[in-house]
Amino acid sequence: MTDTHTKVAFVTGASRGIGRSIAIGLARFGCDVVVADLASERAALDKTAEAVTALGRRAYAKSMDVASKADVTATVTAVLAEAGRIDVLVNNAGILKPSLLQDLDEATFDAHFDVNTKGVFLMCQAVLPHMRARRFGRIVNIASVAGRKGSPTQGHYAATKAAVITLTRVFAQEVGMDGVTVNAICPGIILTEMGRNNLGSEAEVRYWTDVTALKRLGEPEDVVGPVCFFISDQADFVTGQALNVCGGLFFD
Ligand SMILES: NC(=O)c1ccc[n+]([C@@H]2O[C@H](COP(=O)([O-])OP(=O)(O)OC[C@H]3O[C@@H](n4cnc5c(N)ncnc54)[C@H](O)[C@@H]3O)[C@@H](O)[C@H]2O)c1
């Protein structure tokens, strides 16, 4: 895939895991990259920024909490002042603390919706006036196959991701006339800190590997190509879609 001009891409949750790989992959794809994460992750975030600049692209590292409207507004304003524009937004920041729904406390339920769902909503709301005014934007929301399937101990998380898929579909319809596409990626099991914490025993790793068509679990880099596709000129007529990137774990 090739592209015709340098884009400025904003990636949330970019200090590690899938977000870090997406930030570096987008730099390799020719983007300048804004990498954002919680202030507590600053050292790792700066390493992602260094990896972007090592590829010859500009990097902007920003400490922020996607669940805070004040943080989101201030960061997007600062980025627009520094970088001049935001062409691409990848809403990747997310949390998962497994629990049976019966045992789940209210604060944990709220935290998942605040980060995984409200964070996507706030980030989209913040960048859309700018994208719509320029009549160009590419938004990619990292949801999950959990949002389509739901599984025990992930009910709250799955509900946040189902909401992200719905937000994707509705935003796409509300902003398409202004040249902005909004799509989602639904990863399966990806071997990050979140993925490994969630897997538990070796027996579980073997089980999930066995039920995956490609007979392996995902690496963060497996998510990069689909993100590049959605932001590329090759996907100009694709919006409001949610693509499973799961090695053949789930088919709906
Ligand atoms: N790993 C998997 O198996 C898997 C599967 C499906 C979907 N996903 C989704 O992919 C995305 C990335 O997951 P990952 O596996 O790389 O997880 P991870 O835990 O390794 O990384 C998540 C990143 O988000 C950041 N983050 C968390 N809360 C934040 C907040 N309030 N503001 C800003 N940043 C915040 C973290 O600091 C971290 O850098 C998440 O949205 C996750 O739900 C992951």
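The table below lists the values:
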item: Qualifying positions in segment 3-60 - assigned to a loop (DSSP other than H, G, I, E, B) and within 13 Å of the ligand (Cβ to nearest atom); result: 13, 14, 15, 16, 38
item: Residue in segment 189-203 that is open to solvent by 20 Å² or more (accessible area, probe 1.4 Å), closer than 20 Å to residue 25 by Cβ and of a type in the set (Asp, Glu) present; result: yes
item: Lone unmet requirement of (1) open to solvent by 40 Å² or more (accessible area, probe 1.4 Å); (2) touching a His at 6+ places or on another chain (Cβ under 8 Å) for residue 167; result: (2)
item: Residues of segment 89-147 that turn out to be within 10 Å of the ligand (Cβ to nearest atom) and part of a loop (DSSP other than H, G, I, E, B), as a count; result: 8
item: Of all residues in segment 205-242 being in a loop (DSSP other than H, G, I, E, B), away from the ligand (no atom under 13 Å from the Cβ) and polar (S, T, N, Q), the one that is surrounded by the fewest Cβ atoms within 10 Å (Cβ to Cβ); result: 241
item: Criterion (surrounded by 15 or more Cβ atoms within 10 Å (Cβ to Cβ), farther than 19 Å from residue 21 by Cβ and touching a strand residue (DSSP E or B) at 6+ places or on another chain (Cβ under 6 Å)) met by exactly one of 75, 48, 117; result: 75
item: Residue match in segment 171-187 (condition: surrounded by fewer than 20 Cβ atoms within 10 Å (Cβ to Cβ), modelled with pLDDT of 95 or more and within 12 Å of the ligand (Cβ to nearest atom)); result: no
item: Test for residue 73: is it more than 13 Å from the ligand (Cβ to nearest atom) and outside any strand (DSSP E or B); result: yes
item: Matching residues in segment 131-152 - criterion: being over 20 Å from the mean Cα position of the chain (by Cα) and more than 19 Å from residue 194 (Cβ to Cβ); result: 132, 133, 134, 135
item: Candidate set: segment 11-45, residues that are out of contact with any Ser or Thr (no Cβ under 6 Å at 6 or more places or on another chain) and open to solvent by 50 Å² or more (accessible area, probe 1.4 Å); chosen: the one nearest to residue 190 (Cα to Cα); result: 16
item: Test: residue 63 is within 18 Å of the chain's Cα centre (by Cα) and within 20 Å of residue 220 (Cβ to Cβ); result: no
item: Residues within segment 188-204 that are in a helix (DSSP H, G or I) and within 12 Å of the ligand (Cβ to nearest atom), tallied; result: 7
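The values are calculated or read from the model by the stated rules, or taken from the named source; none is laboratory data. All figures in this text were calculated on a predicted structure; none of them were measured in a lab. Note that we place each Cβ from the backbone using ideal geometry, even for glycine, and neighbour counts take in every protein chain shown. Remember, those area values only see protein heavy atoms, side chains included, never the ligands or the DNA or RNA. Shrake-Rupley method; radii C 1.70, N 1.55, O 1.52, S 1.80 Å.
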